[in-house]
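Notes follow the structure.
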Amino acid sequence: MNTRLIFAYGPTNSGKTFTIEGGKDESAGILPRSLATLFESLAVNTKQGGEDLNVWVSFMEIYNEKVYDLLDQPPSTKNEPHKQCKLKEHNGRIHVKGLRELQVRSEALQLVRYGVKHRQVAETLMNAVSSRSHCVVNITLVPKEGSDTNPKDIDPFSQVYSKLAIVDLAGSERALRTCATGERLKEASNINASLFNLGRCLEKLRWNQMNPNKLAHVVPFRHSNLTRIFQVTTLYAFVCVFLRTRGCVRATILSRVV
């Protein structure tokens, strides 16, 4: 399985969401450009007699350590609770129970834009439209043989497919600068804790890769839902790219973690 992760990382109000989503035409972000390139490449591949592939998309957010499906129908009233997805582990794989994966074609971008409208945002002193959750778009390529096979029903250990995860991380915050209180302070605390744990996981993975002959460090995936969702990814060779406002950091994790 070919897996790629793209993280937009940085402090609040540094342009992460714009980097991922962008604007119209020439100012389009990474996500719309990736989708456009993907479908153009698939069309060329099909004309040249290459393997036919199906494209599946899911879109979720992690808000206060709870996972929600952004492609799901939002609550009809304010008093109606939002349907929460649960993380389940089976045969060493993490499943997001309740998260829908939809087979798409050219309408993929419209589907993602629908999900963007339902993500958690709020105003702070640092950002008028601050993302209060981590958002993850998963794009999965599955061989067309078997046609409508949902990626959830495919064992990645026995059938090869490709997956791209584009993650718009919520920005790290300092309460002294944002003057956050109440719900905004709770959100910031959860955001900072999950970002800190993501850094710890990458640090441990890198150490294990650089020291294959030493006792491997325990990677704290389970300390946050953000890292737990991507835990299975480390069983394969993958490239993890961190995008910042002032540069790009690329970390390649090649070792298998036991």
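All of the numbers you see were taken from the coordinates with simple rules; none came from a lab. Keep in mind that this is a model prediction, so the values were computed, not measured. Reconstructed Cβ throughout: ideal geometry from the backbone, glycine too, with neighbour counts over all protein chains shown.
Pairs of Cα atoms nearer than 8 Å and 6+ residues apart set the relative contact order; for segment 4-76 it is 12 percent.
Highest average first, the peptides 65-73, 165-173, 5-13 ordered by how many other beta carbon atoms sit within 10 Å of their residues are 165-173, 5-13, 65-73.
Take the residue pairs LYS24/LYS117; LYS16/LYS88; LYS16/LYS97; LYS24/LYS78; LYS24/LYS83; LYS24/LYS47 and return only those whose Cα atoms are more than 22 Å apart.
Checking Cα-Cα distances, LYS16/LYS88; LYS16/LYS97; LYS24/LYS78; LYS24/LYS83; LYS24/LYS47 exceed 22 Å.
Computed from label points 7 Å out along Cα-Cβ, the spacing between GLU107 and HIS90 is 2.8 nm.
Note on ASN192 and PHE39: the model spin-label points, each 7 Å out from Cα along the C-beta direction, lie 4.2 nm apart.
For segment 169-232, the calculated P(r) over all alpha carbon pairs, in 5 Å bins from 0 to the bin holding the longest distance, is 3, 18, 21, 17, 14, 11, 7, 4, 2, 1 percent. All Cα-Cα distances of segment 1-96, cut into 5 Å bins from zero to the largest, leave 2, 9, 12, 17, 17, 17, 15, 7, 3, 1, 0 percent in each bin in turn.
Sorted fewest first by neighbouring Cβ atoms within 10 angstrom, LYS144, LYS78 come out as LYS78, LYS144.
Distance between the 7 Å Cα→Cβ label points at LYS97 and GLN209: 3.3 nm.
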